[in-house]
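J.: Sharing a structure below in structure tokens format, with a few things to ask.
The values are calculated or read from the model by the stated rules, or taken from the named source; none is laboratory data. This structure is a prediction, so every number in the text was calculated from the model and none was measured. When we count neighbours, we look across all protein chains shown, and the Cβ atoms used for this are built from the backbone with ideal geometry, even at glycine.
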Amino acid sequence: MTDIILLGPPGAGKGTQARRLVEDRGMVQLSTGDMLREARKSGTEMGRKVAAVMDSGGLVTDEIVIGLIEEKLRGATGAGFIFDGFPRTLAQADALGALLGRLGRRLDAVIEMRVDDAALVARISGRYSCPDCGAVYHDETRPTRVAGKCDDCGSENLVRRADDNAESLKTRLMEYYKKTAPLIGYYYHAGDLFSVDGLAAIDEVAGAIANILDQSRVA
């Protein structure tokens, strides 16, 4: 199995590349938001904890998120996992490393998707997506073939995130640089870090990631 982290600021394309890896390599994408929503509906003990915290308006603790990840890893089958949106802090990175160690696993690659802030603002400002299948589009670089209709599933329920604008993105980028960017040095020191140009064409980024995985110790 191959376990990797996709690391980069909001809008760098982590979700898009995670979906490519799911399709091309049979990997499993572990998105924190998706796991929390799934747990809340599950009715399990962990799910009840998640629901209680979310219903109270509180923040889900790192301990709960690690517990959800552990459940996924213990039931693992297939080609491995893509951690998308986790870890976000050094403490979470330590906790994830400890969990993988307990389960006899380790990270095979941490792939940093490098971006230029000004170009990223332009990318995000034109972005919209399909909530039904997860496909992502852009007004200029990747519009739908038929206006208002998803190319992949045909849904006409396309949406734009309320915070996909220049001012909101600047706030989100500052949060990333303060809390998550230190992970670049953390994983570089561990010898796990690889970098790709996150602003290249989607196929080019996918090819660069594929080369990293094929040339790594888990080819």
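One line per residue, one yes/no per condition, for (1) over 26 Å from Ile209 (Cβ atoms); (2) surrounded by 18 or more Cβ atoms within 10 Å (Cβ to Cβ); (3) not aromatic (Phe, Trp, Tyr):
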position: Pro9; (1), (2), (3): no, yes, yes
position: Ala51; (1), (2), (3): yes, no, yes
position: Asp55; (1), (2), (3): yes, no, yes
position: Glu63; (1), (2), (3): yes, no, yes
position: Ile66; (1), (2), (3): no, no, yes
position: Ile69; (1), (2), (3): no, yes, yes
position: Lys72; (1), (2), (3): no, no, yes
position: Arg102; (1), (2), (3): yes, no, yes
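J.: Next up: Restricted to the stretch 187-204, and to residues that are surrounded by 13 or more Cβ atoms within 10 Å (Cβ to Cβ), out of contact with any strand residue (DSSP E or B) (no Cβ under 6 Å at 6 or more places or on another chain) and in a helix (DSSP H, G or I), which residue is modelled with the highest pLDDT?
T.: Tyr188
J.: Determine if the stretch 54-62 includes at least one residue that is more than 25 Å from Asp163 (Cβ to Cβ), at pLDDT 85 or above, more than 16 Å from the chain's Cα centre (by Cα) and not basic (Lys, Arg).
T.: Looking through the stretch 54-62, none of the residues is more than 25 Å from Asp163 (Cβ to Cβ), at pLDDT 85 or above, more than 16 Å from the chain's Cα centre (by Cα) and not basic (Lys, Arg).
J.: Oh, and also: Of everything in the stretch 144-183 that's among the small types (Gly, Ala, Ser) and out of contact with any Ser or Thr (no Cβ under 7 Å at 6 or more places or on another chain), which residue is nearest to Ala118 (Cα to Cα)?
T.: Ser168
J.: Considering Ile209, Ile184, which residue is assigned to a helix (DSSP H, G or I) and within 21 Å of Gly80 (Cα to Cα)?
T.: Ile209
J.: If you don't mind, there's one more thing I want to ask. Take the stretch 198-216 and flag every residue that is touching a helix residue (DSSP H, G or I) at 6+ places or on another chain (Cβ under 7 Å) and either acidic (Asp, Glu) or more than 19 Å from Asp108 (Cα to Cα) (or both).
T.: Hits for the stretch 198-216 are Gly198, Leu199, Ile202.
J.: Hey, another quick one. Tell me, yes or no, whether the stretch 137-147 has at least one residue that is surrounded by fewer than 16 Cβ atoms within 10 Å (Cβ to Cβ), part of a loop (DSSP other than H, G, I, E, B) and in contact with a Gly (Cβ under 7 Å, 6 or more places away or on another chain).
T.: Checked against the condition, which is being surrounded by fewer than 16 Cβ atoms within 10 Å (Cβ to Cβ), part of a loop (DSSP other than H, G, I, E, B) and in contact with a Gly (Cβ under 7 Å, 6 or more places away or on another chain), the stretch 137-147 yields at least one hit.
J.: For Asp163, are the conditions met, namely being among the charged types (D, E, K, R), in contact with a helix residue (DSSP H, G or I) (Cβ under 8 Å, 6 or more places away or on another chain) and either under 30 Å from Asp94 (Cβ atoms) or not in a loop (DSSP other than H, G, I, E, B) (or both)?
T.: It is true that Asp163 is among the charged types (D, E, K, R), in contact with a helix residue (DSSP H, G or I) (Cβ under 8 Å, 6 or more places away or on another chain) and either under 30 Å from Asp94 (Cβ atoms) or not in a loop (DSSP other than H, G, I, E, B) (or both).
J.: So, of the residues in the stretch 20-38 that are at pLDDT below 90 and in a helix (DSSP H, G or I), which turns out to be surrounded by the most Cβ atoms within 10 Å (Cβ to Cβ)?
T.: Filtering the stretch 20-38 for residues that are at pLDDT below 90 and in a helix (DSSP H, G or I), the one surrounded by the most Cβ atoms within 10 Å (Cβ to Cβ) comes out as Met35.
J.: Which one of these does Cys150 not meet: (1) without any contact (Cβ under 8 Å) to a residue 24 or more places away in the chain; (2) surrounded by fewer than 16 Cβ atoms within 10 Å (Cβ to Cβ)?
T.: Just one mismatch for Cys150, condition (2).
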